[in-house]
Amino acid sequence: MRQPAVWILLASLSAAPAGAFTRSRDPDTRACLWWETRQVRVLLNEACSADLPRAQCETAVWASLAIWNEAPCSDFQFLSGGLSSRTDVGFDEDHWDDNVNLILWTESSWRHDETAIAMTTTTYDRHTGQVVDTDVELNGLSYTFTAIESPNVIVDIQNTLAHEAGHMLGLDHSSDPEACMFATAPEGETKKRDLAQDDIDGVCHIYPTGQPIAACPGGPAIDPGGDGGCGQMPRSSGPSALIWLLALGAIILRSRTHVSDS
């Protein structure tokens, strides 16, 4: 079986990429990332964020995913899998059927860069770009999270996770400053709670209603039926990664090769 690579997205101080919406790609094979299923089920760790009441936190999380379901020209859907006690992040190759897409807050022992607000890890086939798993960790140890009911917006949950969700489904950054997938966000920003037309164009391009997954220009051909599912993927050597993070009130993307922490 092909070993899936791990894609992590890293935001730090760099220039925003040119162009409007773009697709996330493996940096070596140039394969675009995509889901074979049009319905991706996501679970939320039951603790949510310690910074606000759990009901408010839950509402903000599901709302951040739901905006991507509203694009009228796409049949891609994030589904709420409800609450879970699970805390495992990443892909377990030994137990393919037991992997889940998880969102969770870490309130202690943050294992990533201390400036990271959010870390998204997506596991995919390096040759085809087919995604098999995606998880989001949020840094509750170093940052204070707020929701729409909060009197003062600091790091807005919906603003943060709506952007992350775009990466989860296969979009990279946009040069449109009004887009949810725009690369930067000042502290207290909330406009990414809603999709702009550029975001809609992006998700509809990848997952057009009733149509095959869009081809990836300059990358390997996409053949959703070729491998017959995750459990039959042939192996390739070596993980590849990018890291995305929200730091110091700004979302800015740069890509690099990275080996995940053991």
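Here, each number is a calculation from the coordinates, and none is a lab measurement. None of these values were measured; they are calculated from a predicted model. Cβ sites come from the backbone with ideal geometry, for glycine too, and all protein chains shown count toward neighbours.
Once both labels are positioned 7 Å from their Cα atoms along Cα-to-Cβ, the gap between E93 and R41 label points is 2.5 nm. Taking amide H as placed 1.01 Å from N in the peptide plane, the amide H of T146 sits under 5 Å from that of I154, V155, D156, I157, each at least 5 places away or on another chain. Amide H contacts of Q77: Q39, V40, each under 5 Å away and 5 or more positions distant or on a separate chain (H built 1.01 Å from N in the peptide plane; Pro and chain starts excluded). For region 110-223, the gyration tensor built on C-alpha atoms gives an oblate shape. Its axis ratio a/c (a ≥ b ≥ c) is at least 1.5, and a/b is not larger than b/c. Over all other residues within a Cβ to Cβ distance under 9 Å of M181, the charged ones net out to -3, with Lys and Arg as +1 and Asp and Glu as -1. The shape of region 39-161 comes out oblate: with a ≥ b ≥ c from the C-alpha gyration tensor, a/c is at least 1.5 while a/b does not beat b/c.
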